[in-house]
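Chemist: Sharing a structure below in structure tokens format, with a few things to ask.
The values are calculated or read from the model by the stated rules, or taken from the named source; none is laboratory data. Here the structure is a predicted model, which means the values were calculated and not measured. Here the Cβ is made from the backbone with ideal geometry for all residues, glycine too, and neighbour counts use every protein chain on show. Keep in mind that these areas ignore ligands, DNA and RNA; they rest on the heavy atoms of the full protein, side chains included. Shrake-Rupley method; radii C 1.70, N 1.55, O 1.52, S 1.80 Å.
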Amino acid sequence: MPLSAEQASAAFIQRTGLTASRLGIFWLEFDPASGNNLLKKATEDGPQSVTPPGFGIRSQVNGYGGGALCGGPDHLFAVEAFGQQIHRIDPDNGVTDAMTNAPDTSFGGLVWDDCRQRVLAVRESSGQQQLVAIRENSKILPLHDSEDFYSAPTLSASGRRMAWVCWSLPDMPWVRSVLWTAEIDEDGVLVRARCWPTAIAGSVQQPVFDCEELQVLSDHGGWWQPWQVSFVEGEAIWICLDETPADHASAPWQLGERHHCPLGRGGWARARYQSGVGELWLSLAADSPLSRVATDYTDFRHLEVFGGKLFCVARSATRLDSVLELTLESGHVRTLAGGEKPFTDAPVVAPEIFRIPPSQHVREEVTGFLYPPIDGASDGTFPPLILIAHGGPTSTAWPVLNPQVQFWCHHGFAVAEVNYRGSAGFGRDFRQALAGNWGRADVEDMERAADHLVAIGRADAHRLFIQGRSSGGYTALMVMTHSQRFRAGASLFGVSDPARLREVTHRFESGYLDWLLGSPTEFPGRWQRRTPVLQAHRIRGPMIFFQGGQDQVVVPEQTRAMVRVLEQQGQAVELWWFEDEGHGFRQRHNQIALLENLLAFYQRNSQKCDDGGRRFR
């Protein structure tokens with residue numbers, strides 16, 4: 001029996017937000033049944049739940065959150081999903097009590113300040129952000145508030161120094177951001193705070209102290225590489241610690257990411273991304289050789305060292321997220337939680353990397369991951385192909401388990417996820433290639449991927465489909481307006497009117513669309529040409545749309561307007577409406593309905609066409 005939508009939805013379990021301290025090893029785990037991130041703890045008897053199912057943990061700072069959990073000496077501290085307040089959690093019995101009571105406020109990027117017995121956090125309220133400290137008596141002390149945006153802070157071993165990252169509108173943090181440092185006086189107040197710009201404008205992220213030595217990831221050299229930053233007579237000296245031409249982090253959509261950490265004695269642990277595949281590298285001391293570890297995994301997050309062991313959340317292509325413990329001296333890797341087979345009796349398709357070489361018009365190599373169908377056709381024909389445009393668009397398609405991709409493979413479809421120009425993880429130039437080129441570069445690369453996979457015999461030229469979520473939905477829609485290669489397309493809460501989105505988008509992304517498309521006053525023709533709802537008359541294939549009624553990012557009217565125009569043009573169009581969902585479907589029964597209806601759509605439209613291939617250009 002093919003994999004069911006119920007099975008695929010039940011396997012959507014993600015683990016994140018790991019923290020390691022003398023309290024133990026804790027992490028957040030997504031529960032498909034409730035749609036909440038639940039707090040889990042590693043024990044000798046296996047993972048145990050700490051908080052009740054109704055207590056979800058999630059930050060909403062910048063709309064994407066991150067850093068919603070940290071550990072103190074006796075309690076954990078977490079951002080409760082509904083009220084966005086910081087709660088104190090007893091790790092033994094899961095009892096919670098609110099530590100803050102700040103209406104219309106979100107907290108994120110939580111860090112424990114052991115010297116002063118307080119929580120450091122990014123506070124977002126009334127369209128402004130600031131660094132704050134929250135004491136056990138719930139008093140909130142503002143620390144710094146002159147900049148537009150703040151990332152999670154970090155403290156030196158002595159507790160007398162702090163570092164963080166800021167960025168200013170209209171930039172996104174992966175375009176331009178700046179390192180800040182300050183000293184902390186006896187009253188816990190920041191003094192001598194100042195910024196340290198890189199010699200060439202770049203994006204910095206994830207500062208961390210090795211005792212009193214500051215390290216940070218910066219891409220001003222072309223890649224997110226680790227740099228040591230020292231200070232001499234009021235000047236910052238930047239020294240690159242690893243010149244490998246590879247990104248050592250992903251795009252910082254969330255607070256509190258940790259892709260590198262010091263191990264002491266000059267040693268370190270770092271994630272490194274090569275062609276979209278994550279690797280974990282260690283050096284146990286300054287003069288120790290490098291070694292790659294945990295080679296069965298393809299993505300690594302939340303690296304943290306405690307008690308001579310490295311802990312992280314690792315992802316692979318064939319198993320659910322794993323919480324790993326790596327003993328530094330022996331190199332032994334142990335799975336504390338996760339790593340389960342996603343399906344009881346169904347096989348898992350592993351991805352194959354494919355590369356689209358540069359051409360006369362495109363100088364960059366573009367890569368992606370192909371998932372062939374479980375059972376190939378016995379008559380020698382090529383399978384139908386679903387191309388997926390990832391969201392962001394400054395994000396990445398990682399070769400990690402995606403139960404929905406497995407669902408399509410079990411129903412006879414090949415699936416290809418494409419890291420088009422503008423994706424993160426391939427260096428600054430590749431990422432910046434989307435500036436002013438959204439709706440063009442990504443569209444070209446999706447078309448090139450389709451042509452390439454057809455040319456090498458991995459897909460049927462007459463049964464090509466394209467789908468995407470959010471900004472990926474925009475790319476899918478633009479592809480359908482631009483090309484007749486694809487038999488049909490699917491937009492999952494996708495952007496169809498960038499100008500309307502620009503009017504209502506949240507503060508974090510308020511300058512993003514102008515970076516992606518250029519200023520609408522300076523380039524009105526470009527905006528008109530790259531607005532799907534204004535180009536809908538060019539679509540010649542069937543379309544299906546999925547939309548949440550509570551979506552605050554892609555407001556529901558965008559999808560309604562797109563469907564209305566297609567109906568007026570006499571195009572085949574379906575709309576599936578989920579009134580109780582927002583931007584991204586979190587409820588399991590809605591995820592099941594989405595998969596079942598999308599499968600029926602693809603199956604109806606994947607019958608052998610008899611038009612002599614007119615749909616392929």
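Chemist: Quick one: order Ile200, Ile13, Ile539 from most to least accessible surface, probe 1.4 Å.
Modeler: Largest accessible area first, the list is Ile200, Ile13, Ile539.
Chemist: With runs of 4+ DSSP H residues as the only contributors, calculate the mean residue ellipticity of the chain at 222 nm using -39,500 (n - 2.57) per run, divided by the residue total and rounded to the nearest 500.
Modeler: -4500 deg cm²/dmol
Chemist: In debye, nearest 20: dipole of the range 487-617 around its Cα centre with unit charges on the Cβ of K, R (+) and D, E (-)?
Modeler: Once rounded to the nearest 20, the dipole reads 640 debye.
Chemist: Continuing with this model, one more query. Can you tell me how much longer the chain between Arg529 and Asp187 gets when fully stretched, taken as 0.36 nm per residue apart minus their C-alpha distance, in nm with one decimal?
Modeler: Going from the current span to full extension adds 117.4 nm.
Chemist: Given a Förster distance of 51 Å, report the FRET efficiency between Ser146 and Thr381 from their Cβ-Cβ distance, rounded to the nearest 0.05.
Modeler: Efficiency computed from Cβ-Cβ geometry: 0.20.
Chemist: Any idea how far apart Thr344 and Gln484 come out in nm if each label point goes 7 Å out from Cα toward Cβ?
Modeler: 4.9
Chemist: Which value, in Å² rounded to 10, gives the accessible area of Cys240 with a 1.4 Å probe and all protein chains present?
Modeler: Solvent-accessible area, nearest 10 Å²: 30 Å².
Chemist: Related question: Leaving out ligands, DNA and RNA, what percent of the accessible area of the chain is carbon and sulfur, probe 1.4 Å?
Modeler: 48
Chemist: Enumerate by residue number the GluC sites (Glu not before Pro) in the range 1-106 meeting two conditions: DSSP loop (anything except H, G, I, E, B), and at most 11 other Cβ atoms within 10 Å of the site's Cβ.
Modeler: Answer in residue order: Glu44.
Chemist: Follow-up. Per 0.36 nm of contour for each residue apart, how much would the distance between Gln274 and Ser49 grow if the chain were fully extended, relative to their Cα-Cα spacing?
Modeler: That works out to 77.5 nm of additional length.
Chemist: In terms of solvent-accessible area of protein heavy atoms at a 1.4 angstrom probe, what is the ranking of Ser106, Ser168, highest value first?
Modeler: If we order Ser106, Ser168 from most to least accessible, we get Ser168, Ser106.
Chemist: I've got another one for you. Would you kindly state how much longer the chain becomes between Leu241 and Arg538 on full extension, computed as 0.36 nm times their sequence separation minus their alpha carbon distance, in nm to one decimal?
Modeler: Stretched fully, the Leu241-Arg538 segment lengthens by 101.8 nm.
Chemist: Would you check the accessible area of Thr181, probe 1.4 Å, heavy atoms only, in square angstrom rounded to 10?
Modeler: Number for this one is 20 Å².
Chemist: Please give, to one decimal in nm, the separation of the simple spin-label points placed at Asp92 and Arg355, each 7 Å out from Cα toward the Cβ.
Modeler: Between Asp92 and Arg355, the simple spin-label model gives 5.7 nm.
Chemist: Along the positive direction of the dipole of the range 342-467 (beta-carbon charges: Lys, Arg +1; Asp, Glu -1; about the Cα centre), which of Gly422, Leu401, Gly436 reaches farthest?
Modeler: Going by the charge dipole, the pick is Gly436.
Chemist: When the dipole is taken about the Cα centre of the chain, and only Lys, Arg (+1) and Asp, Glu (-1) are charged at their Cβ, what size is it in debye, to the nearest 20?
Modeler: The calculated dipole for the chain is roughly 1520 debye.
Chemist: From the phi of every residue in the range 383-400, what ³J(HN,Hα) in whole Hz does the Karplus formula 6.51 cos²θ - 1.76 cosθ + 1.60 yield, where θ is phi - 60° and glycine or proline is x?
Modeler: x, x, 10, 9, 8, 10, 8, 5, x, x, x, 7, 8, 8, 8, 8, x, 10
Chemist: Let me ask something additional. Within 10 Å of each candidate Cβ there may be at most 13 other Cβ atoms; applying that plus a DSSP loop requirement, which GluC sites (Glu not before Pro) in the range 455-530 survive?
Modeler: Those that pass, being in a loop and sparsely packed, are Glu522.
Chemist: When Rg is the radius of gyration of the Cα atoms in the chain and Rh is its Kirkwood radius, what does Rg/Rh come to?
Modeler: When Rh is taken as the Kirkwood radius, the ratio is 0.96.
Chemist: Rank Tyr474, Gly494, Ala459 by how far each Cα sits towards the positive end of the charge dipole of the range 457-501 (+1 on Lys, Arg Cβ; -1 on Asp, Glu Cβ) and give me just the farthest.
Modeler: About the Cα centre, the residue reaching furthest to the positive side is Ala459.
Chemist: Given the protein chains as shown and a 1.4 Å probe, how many square angstrom of Asp92 are accessible, to the nearest 10?
Modeler: Accessible area of Asp92: about 140 Å².
Chemist: Under a point-charge model restricted to the Cβ atoms of Lys and Arg (+1) and Asp and Glu (-1), what is the dipole moment magnitude of the range 326-432 relative to its Cα centre, in debye to the nearest 20?
Modeler: Once rounded to the nearest 20, the dipole reads 400 debye.
Chemist: Binning at 10 Å from 0, report for the range 415-564 what percent of all alpha-carbon pair distances ends up in each bin.
Modeler: Pair shares across the bins are 11, 41, 36, 11, 1.
Chemist: Hey, for a label at Ala201 modelled as a point 7 Å past Cα toward Cβ, could you say which residues of the range 407-447 have their backbone N under 18 Å away?
Modeler: Those under the cut-off are 428-438.
Chemist: Per residue, how much accessible area does the chain show when a 1.4 Å probe rolls over the protein heavy atoms, in square angstrom?
Modeler: About 39 Å² of surface per residue is accessible.
Chemist: Between Arg265 and Phe82, what is the label-point separation in nm under the 7 Å Cα-to-beta-carbon projection?
Modeler: Distance between the two pseudo-spin positions: 5.0 nm.
Chemist: Just want the answer: with Cβ charges of +1 for Lys and Arg and -1 for Asp and Glu, which residue in Gly127, Val362, Ala350 is farthest toward the dipole's positive end in the chain?
Modeler: Val362
Chemist: For the chain, compute the number of Lys pairs whose alpha carbons are separated by less than 30 Å, excluding pairs fewer than 8 positions apart on the same chain.
Modeler: 7
Chemist: Same structure again: Using alpha carbons only, how many degrees (0 to 90, rounded to 10) separate the axis of helix 556-568 from the longest principal axis of the chain?
Modeler: Helix 556-568 and the main axis of the chain meet at about 10 degrees.
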